[in-house]
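Data first, discussion second: the structure below is written as structure tokens.
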Amino acid sequence: VQLQASGGGLVQAGGSLRLSCAASGTRANYNMGWFRQAPGKERGFVGAIGWSGESTYYADSVKGRFTISRDNAKNMVYLQMNSLKPDDTAVYYCAAGSPWSAVVVTIATSYRYWGQGTLVTVSS
């Protein structure tokens, strides 16, 4: 499974961005997660979605501002980020866990496949 994250960039505080994660190399749908790593910090959980899209879960820091969705017909997962804050500045990674899993997973080590990351910079 190969994952390609895109959509990062520079945005002012209060603005919005939508990240995309394209999956290839598989016909299965996986439970997916988004993580982020700020400079000098460990990689942290942002949100997760089950294979069908019916189950989602978010970190408290982004709840109400970020939304994960997916289009299985296109093998795409999205992270819509609204009301961005400077603290959201980080490299964002998408990850794939297990095929046909509805479980939303917050632990990075539970994900088998990772994209290369896309940088989001939020200016104040």
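What the table below lists for this structure:
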quantity	calculated
At q = 0.13, 0.17, 0.18, 0.22 Å⁻¹, base-10 log of I(q)/I(0) for the chain (Debye sum, equal scatterers on each alpha carbon)	-0.44, -0.76, -0.85, -1.27
The stretch 30-44 and the stretch 86-121: distance between their alpha carbon centers, rounded to Å	5
Cα lying deepest toward the dipole's positive end in the stretch 1-96, options Val77, Met32, Ile49, charges on Cβ	Val77
5 angstrom amide H check on Asn29, placed H, neighbours 5+ away	Trp100
Reachable lysines, given that their alpha-carbon falls under 19 Å from the alpha-carbon of Lys85 and they are not under 8 places away in the same chain	Lys41, Lys63
Probe 1.4 Å, all protein chains present, accessible-area order of Met32, Met76, largest first	Met76, Met32
The stretch 55-108 - percent of accessible surface contributed by carbon and sulfur, probe 1.4 Å	53
For the chain, size of Cβ-based charge dipole, Lys and Arg +1, Asp and Glu -1, in debye	140
Accessible area (Å², per residue) of the chain, counting only protein heavy atoms and a probe of 1.4 Å	51
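The values are calculated or read from the model by the stated rules, or taken from the named source; none is laboratory data. In this text, all values refer to a predicted model and were calculated from it rather than measured experimentally. Note that we place each Cβ from the backbone using ideal geometry, even for glycine, and neighbour counts take in every protein chain shown. For the accessible areas, the whole protein counts, side chains as well, though only heavy atoms, and no ligand, DNA or RNA atoms are used. Shrake-Rupley method; radii C 1.70, N 1.55, O 1.52, S 1.80 Å.
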